[in-house]
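What follows is a short report on a single structure.
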Amino acid sequence: MSDTLYREILLDHYRSTRHRFEIPDATVREDGRNPLCGDTITVYVKMDGNRIGEISYTGHGCSISMASSSMLCDTLEGLTIQEALEKIAHFKRMLLTDEEIEFEDEDADLEAMSGVKKFPVRIKCALLVWNTVEHILKERQ
């Protein structure tokens with residue numbers, strides 16, 4: 001993917017209001033904060049047994065953290081806890097290692113975040129929501 005396409009995908013997710021709302025009857029809600037830049041997020045998850053029935057977020061932050069939040073919700077909704085934890089680990093490997101990480105077609109937008117590796121201080125912005133949801137799911141295993 002070209003840098004231009006990456007930017008377009010990130011901007012689309014940043015400007016989008018998909019999944020950016022509070023789920024009033026959420027099974028669990030968890031706050032995340034990045035003290036380095038001030039990003040704050042609240043994640044709402046409505047479980048359907050062992051499956052993420054619905055997931056959303058509210059909060060404020062930079063375009064990277066908000067786009068990443070939108071992407072996470074698109075990616076994890078409908079998955080089992082184990083499937084979601086595997087996707088989270090895959091995404092984190094992309095940002096935290098030198099491995100060449102490939103994504104399935106349905107998760108192709110996540111590759112747009114790979115450019116964040118060029119700006120190490122922004123990696124925490126991209127991972128804020130992923131770490132928050134990982135904490136939620138590990139507690140529910």
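The values are calculated or read from the model by the stated rules, or taken from the named source; none is laboratory data. Just so you know, these numbers come straight off a predicted model, no measurement behind them. We place every Cβ from the backbone using ideal geometry, glycine too, and count neighbours over all the protein chains shown.
Regarding segment 96-104, can at least one residue be identified that is in contact (Cβ under 8 Å) with a residue 40 or more places away in the chain and part of a helix (DSSP H, G or I)? The answer is no, given that none of the residues of segment 96-104 is in contact (Cβ under 8 Å) with a residue 40 or more places away in the chain and part of a helix (DSSP H, G or I).
Taking each residue of segment 23-43 that is under 22 Å from residue 138 (Cβ atoms) and looking for partners that are assigned to a loop (DSSP other than H, G, I, E, B) and among the small types (Gly, Ala, Ser) with beta-carbon atoms closer than 8 Å, six or more apart or interchain, yields 34/61; 39/61; 40/61; 41/61. Of all residues in segment 19-39, those being under 27 Å from residue 7 (Cα atoms), of a type in the set (A, V, I, L, M, F, W, C) and at pLDDT 95 or above number 1. Among the criteria (1) in contact with an Asp or Glu (Cβ under 6 Å, 6 or more places away or on another chain); (2) over 28 Å from residue 35 (Cβ atoms); (3) of a type in the set (Ser, Thr, Tyr), the one residue 80 does not fulfil is (1). Against the test of being closer than 16 Å to residue 116 by Cα and of a type in the set (Asp, Glu), the options 54, 8, 30 yield a single qualifying residue, 8.
Scanning segment 40-64 for residues that are modelled with pLDDT of 95 or more and among the polar types (S, T, N, Q), we see that the one that is surrounded by the fewest Cβ atoms within 10 Å (Cβ to Cβ) is 50.
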